[in-house]
Amino acid sequence: MKLVALVVAGAAALVIGIAPSRTFAQQPPGPRPLVVGNRLGLPVEPAADGAFAGISSNVKVYGAIYSAESCSYDTERGLIVVPNRGVPQTVQVNNAWISFINHDGSVHTARWIGVQNPADRANLTPPLVLNEPYGSDIANGMLYVADRDGGTTATDTSVAVVRRFDMKTGAPAGEFRVARSTWFNDIAVAADGTVYATQTGDRSATPDASTWQVWKITPDGSASIFVQGAPLRWPNGIAIDGQGNIVVVNSGDNAVLTFSRAGQLLKTENAAQAGSDGLVIMRDGTKYVSSVFNGGVSRIRPGRPAELIARNIPSAASMCYDAGANQLVIPMNANNALAFIHID
């Protein structure tokens, strides 16, 4: 019943989120400063004097999620950060936004980044571009998202872009374009700012295994292929363990692959189901893996076989760990909602 409530209420939350766009659209054209959205309350647009009144405590809103593929946890605010992909590039560019969600699934801020109408975003200072974000991670006070440019038509080449946003202000803080890749699925960011990104690649009946890749992007923007081909098979989720190793889960099988920072395969584990997407690694080395195809969540304790702790979650995508509530948060993709699993 709770899940149904999330989905139904999402429509109302989206109406709240869209309203600011209409407000901005009615303003005269021309350059304007970048602002970020308030949590639910009034005024919708942040007031110059900082005046704001939050929605009354007896009003609960769930949802504000639209086609979310990933989430991250903001330890400073104690909130779940969710990129919403919006409509595809073929429909409208620069349509995505970022939401803040409370531990119970209720909405804190329907649209934090991306409160403006897509048509107005180029006139902001600085300009805002957020097209179709998939994977996300927070590191060193920055939100990183795996986005892309292009792909608006069959002949328009898509280019992978990792975009950064300041977690204090929401302002764009630079990007890394990787012209040799058309699209990144998930990303993980090391303490030094190095980005590791999966390219899921060819999933045809006779696939080209060379398209299964993990990329490494250094803080200066230099991009190179970190791992390519088998044992990768449709690489999807990625995370960094306590030793700084890079862990990748395959959506083409149930392999959980641990690589050294030099790209050496150190260990292969197996999730309880194939079709892996999300990956969370705890401090004690326990791994949680969600299957986007089969709907289960596997727990892999160090040195033990995987056990299935949840089942039948539709389109269980790239989950995150909500440390404030000790729970896994799983975007449900086309279901436009989040699933929550408390863990022991």
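The values are calculated or read from the model by the stated rules, or taken from the named source; none is laboratory data. If you're wondering where the values come from, they're calculated on a predicted model, not measured in any experiment. Note that we place each Cβ from the backbone using ideal geometry, even for glycine, and neighbour counts take in every protein chain shown. Heads up: the accessible areas ignore ligands, DNA and RNA and are worked out on the full protein's heavy atoms, side chains in. Shrake-Rupley method; radii C 1.70, N 1.55, O 1.52, S 1.80 Å.
Which ones in the range 197-245 are acidic (Asp, Glu) and under 14 Å from VAL162 (Cβ atoms)?
First pass over the range 197-245, keeping only residues acidic (Asp, Glu): 202, 208, 220, 241.
The one that is acidic (Asp, Glu) and under 14 Å from VAL162 (Cβ atoms): ASP220.
Give all pairs with beta carbons closer than 8 Å in which a residue from the range 218-244 that is closer than 19 Å to ARG180 by Cα meets a residue that is open to solvent by 50 Å² or more (accessible area, probe 1.4 Å) and part of a loop (DSSP other than H, G, I, E, B); count only pairs at least 6 apart in sequence or on separate chains. Within 8 Å, the pairs are PRO219/ASP192; ALA223/ARG180; TRP234/ARG203.
Among the residues making up the range 115-143, those that are in contact (Cβ under 8 Å) with a residue 60 or more places away in the chain, in a loop (DSSP other than H, G, I, E, B) and crowded, with 18+ Cβ neighbours inside 10 Å are VAL115, GLN116, ASN117, LEU128, PRO133, TYR134, GLY135. Cβ separations smaller than 7 Å between residues 6+ apart or across chains give the following pairs from the range 192-207 residues that are within 16 Å of ASN236 (Cβ to Cβ) to residues that are polar (S, T, N, Q) and part of a loop (DSSP other than H, G, I, E, B): THR198/ASN185; GLN199/SER181; GLN199/ASN185; THR200/ASN185; THR200/SER251.
Residues of the range 86-107 being in a strand (DSSP E or B) and at pLDDT 95 or above, which ones? Walk me through how you get there before you give the answer.
Residues of the range 86-107 that are in a strand (DSSP E or B), as a first pass: 97-101, 106-107.
Those that are in a strand (DSSP E or B) and at pLDDT 95 or above: TRP97, ILE98, SER99, PHE100, ILE101.
One residue stands out among those in the range 39-70 that are open to solvent by 40 Å² or more (accessible area, probe 1.4 Å), in contact with a helix residue (DSSP H, G or I) (Cβ under 9 Å, 6 or more places away or on another chain) and part of a loop (DSSP other than H, G, I, E, B): the one that is modelled with the highest pLDDT, which is TYR66. Is the range 206-223 home to any residue that is under 18 Å from the mean Cα position of the chain (by Cα), open to solvent by less than 50 Å² (accessible area, probe 1.4 Å) and polar (S, T, N, Q)? No, the conditions are met nowhere in the range 206-223. Selection of the range 87-105 for residues being in contact with a Ser or Thr (Cβ under 8 Å, 6 or more places away or on another chain) and open to solvent by less than 10 Å² (accessible area, probe 1.4 Å) yields GLN89, SER99, PHE100.
When you scan the range 323-337, do you find a residue that is open to solvent by 40 Å² or more (accessible area, probe 1.4 Å), of a type in the set (A, V, I, L, M, F, W, C) and in contact (Cβ under 8 Å) with a residue 60 or more places away in the chain, even just one? For the range 323-337, residues open to solvent by 40 Å² or more (accessible area, probe 1.4 Å), of a type in the set (A, V, I, L, M, F, W, C) and in contact (Cβ under 8 Å) with a residue 60 or more places away in the chain: present. Taking the options ARG304, ARG311, name whichever one is among the basic types (Lys, Arg), modelled with pLDDT under 95 and open to solvent by 10 Å² or more (accessible area, probe 1.4 Å). Residue meeting the stated conditions: ARG311. Of all residues being surrounded by fewer than 17 Cβ atoms within 10 Å (Cβ to Cβ) and in contact (Cβ under 8 Å) with a residue 12 or more places away in the chain in the range 246-263, which is nearest to LEU279 (Cα to Cα)? Just the residue, please. It comes out as ASP253. Restricted to the range 171-191, and to residues there that are surrounded by fewer than 20 Cβ atoms within 10 Å (Cβ to Cβ) and either without any contact (Cβ under 8 Å) to a residue 24 or more places away in the chain or not hydrophobic (A, V, I, L, M, F, W, C) (or both), the residue that is farthest from ASN38 (Cα to Cα) is ARG180.
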